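The structure appears below as structure tokens.
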Amino acid sequence: MINRVVLVGRLTKDPDLRYTPSGAAVARFTLAVNRTFSNAQGEREADFINCTVWRKQAENTANFLKKGSLAGVEGRIQTGSYEGQDGKRVYTTEVVADSVQFLEPKSATSGDRPSGDRSYGQQQPSYQQNQPSTSPSQQKNTRVDDDPFSSGSGKIEVSDDDLPF
């Protein structure tokens, strides 16, 4: 049986960080995830998915994400129920995250950006700025404007034996 979920969306409010009596950190947040299709009026709708993350990931999530932050969540769906104050059974569904990825630099959603700031696509996340610098010969990155499949000779010959299907 498989129970895996991968989501990308924006937080609807700041994460709520708490600690269990035994000291384990737990953070709860809601992720707004856009649907891939439009409704009858041509508008894109979103699903609002409750997420829970535990321990160090919970503390990191609370420290580095806030309302509007773009995040990727990988985890599993968990359902539960409890008896409400009115005596009726209330059913819950949430994603218990194994991993929360911060998908944009911390400054991208903050209001304190310097006035001479570059566009988002050119910003370097702060966690990369502390890495040791490497010489151009050590870097293996492909430039965005370079076509890694271009050999400069025009057509590429592909036989049926090269195809995986």
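Observations on the structure shown:
- Split the accessible area of segment 45-105 by element, probe 1.4 Å, and carbon with sulfur accounts for 46%.
- Positive-end extreme of charge dipole, segment 1-111 - chosen from Trp54, Gly72, Val5 (charges on Cβ): Trp54
- Restricting attention to segment 9-93, lysine pairs at least eight places apart or on different chains and with alpha-carbon atoms under 27 angstrom apart total 5.
- A simple rule links phi to the HN-Hα coupling: the Karplus curve 6.51 cos²θ - 1.76 cosθ + 1.60 with θ = phi - 60°, which for segment 52-69 gives 10, 9, 10, 6, 4, 4, 5, 5, 4, 4, 5, 6, 10, 10, 8, 3, x, 5 Hz, with x for Gly and Pro.
- Residues whose amide H falls under 5 Å from that of Lys67, counting only those 5 or more places apart or on a different chain, are Asp14, with hydrogens built in the peptide plane.
- Cleavage-rule hits, trypsin sites (Lys or Arg not before Pro), segment 1-61, DSSP coil, Cβ neighbours within 10 Å at most 13: Arg4, Lys13
- Förster-model FRET efficiency, 35 Å R0, Leu70 and Ser22, C-beta, rounded to 0.05: 0.60
- Label-point separation in nm, Thr93 to Ser38, each point 7 Å along Cα→Cβ: 2.6
The values are calculated or read from the model by the stated rules, or taken from the named source; none is laboratory data. Predicted, not measured: the structure shown is a model, and the values here were computed from it. Cβ sites come from the backbone with ideal geometry, for glycine too, and all protein chains shown count toward neighbours. Accessible surface is based on the protein model in full, side chains and every heavy atom, while ligands, DNA and RNA are left aside. Shrake-Rupley method; radii C 1.70, N 1.55, O 1.52, S 1.80 Å.
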